[in-house]
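All remarks here apply to the structure that follows.
Each value in this text was obtained by applying a stated rule to the coordinates, not by laboratory testing. Given the structure is predicted, the values throughout are model-derived calculations rather than measurements. Heads up, the Cβs are rebuilt from the backbone with ideal geometry, glycines too, and the neighbour counts pull from every protein chain shown.
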Amino acid sequence: MDKLTLKKLTIANKTFNSRLIIGTGKYKNMNECAKALEYSGAKIVTVAVRRVNILDKKKPLLMDYIDPKKITYLPNTAGCFNSKEALRTLRLAREIGGWKLVKLEVLGDKKNLFPEMIETLNSTEILAKEGFKVMVYCNDDPLMAKRLENSGACAIMPLAAPIGSGLGILNKVNISIIRKQTKLPLIIDAGLGQASDAAIAMELGCDGVLVNTAIAKAKKPLEMALAFKNAVIAGRQSYVAGRIKKSILGSPSSPSKGII
């Protein structure tokens, strides 16, 4: 395969062989989660620090199923609804595992799970000053995305649709604008429902996608994990290849000159 097409994903000066990131929640068990990771080819997994057992060895440990020496753990702040909770959670993650590359997620309400952007902006600035490399879950507002970049984020992660909704990318225009205005890694986070959604995200020029529910809650999670792997690769190849221009008129496939 073309080396340019499969150019590796780089976030905060760290390089990864896959542009797919998967979550570790909602699976039937940790064994299924580990198998889905294998099928997906992902090299980064998100870990909800507030919800996942890290210390109690009497209960299943994620680290027994997914080796943190081989797979990058991305601690996130799922379940945090203000800056204070998010900051405490990520500082705890750093104390426990030394993690500095983190995903910031500050939610505004429990029904729609949209990001609370004022708290998110404030948290990003504080964490960046403390030496964290912050990948930030945000809405698809280009202005807010630019402010996050200026606040020290290392990656912008706009939602495609509400978390877990499976609606796919609802606002391609805004995603395209964010892509044009930022040099940071752009990763679609939340709302994807099927593999074709990931391909579309990649064709828009996104650097990667983060998927959890669409894989974990699929009828056949392992097959869906593989489908997302292939879709991300295909979408990236399509983007690099360069699509044809759109036209409202037809254009013959065969030469119009020299017709018998």
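Structural remarks
- Potential extension, residue 170-residue 59 segment - 0.36 nm per residue separation minus Cα distance: 36.0 nm
- Nonlocal amide H pairs with residue 165, under 5 Å, H built at 1.01 Å: 191
- Amide H within-cut-off set for residue 133, under 5 Å, with H built and near neighbours excluded: 101, 102
- In a simple Cβ point-charge model (Lys, Arg +1; Asp, Glu -1; nothing else charged), the chain has a dipole of about 480 debye relative to its Cα centre.
- Checked against a 22 Å cut-off, the cross-linked pairs 58/84; 103/183; 7/43; 8/69 give Cα-Cα distances beyond that limit for 58/84.
- Karplus-derived 3J(HN,Hα) values for the stretch 154-169, using 6.51 cos²θ - 1.76 cosθ + 1.60 with θ = phi - 60°, are 9, 7, 9, 10, x, 6, 8, 6, x, 3, x, 7, x, 7, x, 6 Hz; glycine and proline are entered as x.
- The candidate values are (1) 14.4; (2) 21.9; (3) 16.7; the one derived from this structure for mean projected area of the Cα convex hull in nm² carries the label (3).
- Scalar couplings 3J(HN,Hα) for the stretch 135-146, obtained by applying the Karplus form with A = 6.51, B = -1.76, C = 1.60 to θ = phi - 60°, are 8, 10, 6, 8, 7, 9, 7, x, 5, 5, 4, 5 Hz; x denotes Gly and Pro.
- Counting only DSSP beta bridges with both residues in the stretch 103-208, the antiparallel share comes to about 10 percent.
- Taking amide H as placed 1.01 Å from N in the peptide plane, residue 76 has its amide H under 5 Å from the amide H of 47, 48, 49, 103, each at least 5 places away in sequence or on another chain.
- Spatially proximal aspartates and glutamates relative to residue 220 (Cα-Cα < 14 Å; intrachain offsets below 8 disregarded): 32
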